Structure formats: structure tokens, C-alpha cells
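This report refers to the structure that appears directly beneath it.
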Amino acid sequence: MALFPTYTRVPVRVASGSGSILLDEDGKRYLDFTSGLGVCNLGHCHTAVTTAVEAQLRQLWHVSNLFHIPLQEQVADLLVQASGLGAVFFCNSGAEANEAAIKLARKYAREKRGIERPIILTFRKSFHGRTLATLTATGQDKVKTGFDPLPEGFVYATYNDLGSVEEALTPDVAGVFLELVQGEGGVRPADPAFVEGLARLCADKGVLLMVDEVQTGIGRTGKLFACEHYGIVPDIMTLAKGLGNGMPVGAMLAKAEYAGVFGPGSHASTFGGNPLAMAAARAVLTEMKQSDVLSRAAEHGTWLITRLKEKLEGRPGVVEVRGLGLMIGIELNQPVAQVIEAARQRGLLVSPAGPQVVRLLPPLVTERTQLEEAVDILTAALEEVEKGESVSGVGHGGRI
Ligand SMILES: Cc1ncc(COP(=O)(O)O)c(C=O)c1O
């Protein structure tokens, strides 16, 4: 196999997908509670998205941002209407959206606040991507090891601890960048009081409030953006994963007043916002707006968290079930590899979020009966591991 061994792969050779179901090359059925790591929020091969991309494939693929792309303008309008923000920059991934956010915050701080060397404050246990700037923004040493020298200009505070933010908020801080539910760091929702205090602090000090919604955005938490749960409109928001439902697309949104900071030549992406990606994103956003997918996701998320708490909390191996909408973590008191493998053998695919948290990211369209099936499988998998009957975990213990 001529691939870099950068991933510990699950022993499943995926052949096709529909809704919440994946089939492997031998026709074995899996209930997919990974959604391609929070990407296929509308399920695999969603009809409206597939139809839109198929039509676009025959019309126009790519022209570059030298030209006006009407579809790109329409998707930007949909995002602006939904978010209350004013301007959108399109790119291809979460890390790229976060790079754009960091660059915008730095440039704004230099031009408007006269800060010579602007700093971005992020949080311990956060995850913002794998490029040099975004892995430096990430508050986890494991993603940084081996990549020195790292870019300057980042400081870290403790999540859900306003005092720690106040301490780190020196006059050269341009922006505070956070996930409203830390995903890779273990599915940890922010406390509403913390977010409220943080928003007030940022507003008082003229510091930009920057929200990484790469994983929480596009319905994952039961609202289009997790910001809506907290009643905040950030200065900058980043999106990727669910925006194209599998078509690679990322976006950086900001309040209209910051649009002029990114003038011609200040930032660019060859593929960003190309017609194929935009056809997928328009179909996704239209579906989210016109169907009941968001309200169902909220309802199903509440049901699933409650059911998992009833069934699993109190078991010897389980520390806590937590989450928001359909972004759910089950924290164990041991590494998760064996439970993930035992679930896989029973036909349920889940992923880890850190060493001791099993993460559930089912497609938002998952049926109630499929949620019930997953609860039964997870209960049986935990029982098996607690009894010590499980085969030793095959791979999948670290970040995939
Ligand atoms: C919150 C968050 N930000 C950024 C990223 C990086 O996104 P990408 O892998 O598309 O670069 C991720 C990916 O898991 C993420 O969860």
C-alpha cells in the first residue's frame, strides 16, 4: 500500500453508503455513527445533495476566483442570512478556514488596533487543525510533537475557566478562538455562563470572539450553528465538515465590518468556493432550512443522551455521558479501543475523541430505531469488555 501510514485504520473496507448505513466490500452492513468524522450530517448519498452535484458536474466544475461565480454568491447569502454575519471567504477544509480566521484577526489587530505582534488566545484540549498555524493554535501537545519550530503568536487558557482567560488576556491579544463543544479534545460542551462571560470580556476589551464551528456547525448540535445555543453572534466563525456533506468545502465568516480587512491580494484559495463544492453546500443549506432535519436532530440528540445516561452511567467502566445534540461522548475509565472494536464487530462504527472517550456522531437523519439499535450494541460492547471477554482492540485507539 503506497500511502503514508498517517492513520490507524479500522479494518473495514467501505464500498457504499446510504443514509446512516455503510456496506463493506463483502456486503456486511454497518450503522455509521462517525458520519465520516462529522461530515455527512445529512447521511451518505443524500438525494438532494447528490442530485445537485450531478447536475453541476454537467454544467461547470471550476473556473477559479478570477471570475464571479453566481452559485458562490448564493451560498454566501444563505450563510449570512443564517448566521447574522456579513462576509464569507470559501476554502476547502477546516484547517484552511481556521488559517483564514487567524490571518484576518491578526491583520485587523495590526491595522485597526495598532498591535505590532498580535496574539490569538486558544484553549487547552482544543483542536483546530493540522497546518502549522492551526496545530499551534491547538491546545494539545500530541499534535505538535516533531514539528518545531512552530509559528509564534498563540497563548492558551483553561476551557470553562474565565479567570484563566482574564489572566492570559494581555493587551496584544487580537482574538479568543474556541470550540463551543470541544470535539477532538473529548466532546466537552462549554458552560453557558463561561461563554456569556467570555463574550462580554471580548466586547469590553475590543478582542475578537472567534468560534471554530468546523465540527459543531451545520446542524451537528441540533441547531444550524452551536452559537445559537449560547445566544452569541461571534466576530468570526469557521465552518467545514458538514457544509458540503462530503464534498470538501470550508468557510470563514466574519461580521461585515471586518470584510475590508481582507482586500484584493490579502488571502486566496485556488479551489475555494468552486461550483461543484458550492452546488453541494447550497443543497445542504437549503435542506437544513426547508426540512425538519434540525428539529429532529435536536429531539433525537436529547433522546439519545438521556437513554445513554440511563443505560450506561453507573456501569463500572463508564465515567460520564455528555454532549449537545447529536455530538455525544461516552467517557470511560480506560482506553476506548476494545469497546470501539466490540461495537464494530456487532455492526456499529464509532470513533474515539481522545484516549478515553467514545464519540458518537450519527447522521442527523438517523432513525429512532437505529438510535435504539446503537444503544443496545454499545451496552453489549461495554458488557463484553467489562467481563474481559473482548478480543484485544484492533487499531482505532488513537485519533483517526
Ligand atoms: C473543531 C475543528 N477544527 C478544525 C478541524 C480541522 O478540520 P480539517 O480536518 O477539515 O482541516 C477539525 C477536524 O476535526 C475540528 O474538529
Taking the Kirkwood radius as the inverse of the mean 1/r across Cα pairs, report the Rg/Rh of the stretch 1-80.
1.08
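Within 14 Å, Cβ to Cβ, of Ala256, how many net charges do the neighbouring residues add up to if Lys/Arg are +1 and Asp/Glu are -1?
Here the charged neighbours net out to -2.
In debye, nearest 20, what is the charge dipole magnitude of the stretch 1-112 about its Cα centre with +1 on Lys and Arg Cβ and -1 on Asp and Glu Cβ, if you could check?
Working: 10 positive and 10 negative charges, 79 e Å.
Magnitude of the dipole: close to 380 debye.
Would you mind counting up the charge near Pro189? Only other residues with Cβ under 15 Å from its Cβ, with Lys and Arg at +1 and Asp and Glu at -1. Can you show the working numbers first?
Details: positive: Lys125, Arg188, Arg220, Lys223, Lys309, Arg322, Arg359; negative: Asp161, Glu179, Glu184, Asp191, Glu196, Asp212, Glu213, Glu228, Glu320, Glu331.
Computed value for this residue: -3.
Relative to the Cα centre, what is the charge dipole magnitude of the stretch 284-400, using +1 at the beta carbon of each Lys and Arg, -1 at the beta carbon of each Asp and Glu, and rounding to the nearest 20 debye?
280 debye
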Taking just the C-alpha trace of the stretch 317-378, give me its Rg and Dmax in Å.
11.1, 31
Measure nothing fancy, just the Cα-based angle from helix 94-113's long axis to the longest principal axis of the chain, in degrees from 0 to 90, nearest 10.
30 degrees
Work from the charge dipole of the chain (Cβ charges, +1 for Lys and Arg, -1 for Asp and Glu, about the Cα centre) and give the residue of Gln182, Thr6, Gly317 farthest towards its positive end.
Thr6
Placing unit charges on C-beta atoms (Lys and Arg positive, Asp and Glu negative, everything else neutral), compute the dipole magnitude of the stretch 47-290 about its Cα centre in debye, rounded to 20.
320 debye
Here the residues of the stretch 230-251 lying in the modelled label zone of His62, meaning backbone nitrogen under 17 Å from a point 7 Å along Cα-to-Cβ, are 247-250
Charge dipole of the chain built from unit charges on the beta carbon (Lys, Arg +1; Asp, Glu -1), centred at mean Cα; most positive-end Cα among Val53, Leu348, Thr369 is Val53
Filtered chymotrypsin sites (Phe, Trp or Tyr not before Pro), the stretch 1-86: DSSP coil and at most 14 other beta carbons within 10 Å
Tyr7, Trp61, Phe67
Quick one: check the C-alpha center-to-center distance for the stretch 338-359 versus the stretch 202-241, whole angstrom.
28 Å
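Let me know the longest stretch in the chain that avoids all GluC sites (Glu not before Pro) found in a DSSP loop with at most 10 other C-beta atoms within 10 Å. Let's see the in-between values first.
Numbers: sites that count: Glu25, Glu116, Glu152, Glu389.
It works out to 153-388.
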Taking the simple approach of a point 7 Å from Cα along Cα-to-Cβ for both Leu37 and Glu299, what is their distance in nm?
3.3 nm
In nm, what is the difference between 0.36 nm times the number of residues separating Glu389 and Glu313 and their Cα-Cα distance?
25.3 nm
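Work out, step by step, the length gained on full extension between Arg113 and Tyr7: first 0.36 nm times the residue separation, then minus their alpha carbon distance; give nm to one decimal. Mind dumping the intermediate values first?
On the way: separation 106, 0.36 × 106 = 38.16 nm, distance 4.22 nm.
Answer, rounded to one decimal: 33.9 nm.
Which shape class, rounded, prolate or oblate, goes with the stretch 47-290 when its Cα gyration tensor gives a ≥ b ≥ c as root eigenvalues, a/c under 1.5 marks rounded, and past that a/b bigger than b/c marks prolate? Intermediate results must be reported in sequence, preceding the final value.
Working: a/c = 1.71, a/b = 1.52, b/c = 1.13.
Prolate, since a/c reaches 1.5 and a/b exceeds b/c.
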Separation between the Glu372 and Glu320 pseudo-spin-labels, each 7 Å from Cα along Cα→Cβ, expressed in nm?
3.0 nm
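Under a Cβ-Cβ cut-off of 10 Å, what is the net charge of the residues other than Leu382 that fall near it, where Lys and Arg count +1 and Asp and Glu count -1? Please report the intermediate quantities before stating the final value.
Values: positive: Lys311, Arg315, Lys387; negative: Glu383, Glu384, Glu386.
Around Leu382, the surrounding residues sum to 0.
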Can you give the helix-only mean residue ellipticity at 222 nm for the chain, where every DSSP H stretch with n ≥ 4 adds -39500 (n - 2.57) and the sum goes over all residues, rounded to the nearest 500 deg cm²/dmol?
-11500 deg cm²/dmol
Would you mind finding the longest exposed-site-free stretch of the chain, with exposed trypsin sites (Lys or Arg not before Pro) meaning DSSP loop and at most 14 other Cβ atoms within 10 Å?
145-386
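Just to be sure I understand: of the beta bridges DSSP finds with both ends in the stretch 47-290, what percent are antiparallel, rounded to 5?
Values: 11 of 27 bridges.
The antiparallel proportion sits near 40 percent.
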Sparse-neighbourhood loop hits (chymotrypsin sites (Phe, Trp or Tyr not before Pro), the stretch 92-179; DSSP loop; Cβ within 10 Å at most 14 others) -> Phe147
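Bear in mind these aren't lab numbers, they're just calculated from the coordinates by the rules spelled out. Predicted model only: the values in this text are computed from it and were never measured. Quick reminder, even Gly has a Cβ in these numbers, built from the backbone with ideal geometry, and neighbours come from all protein chains shown.
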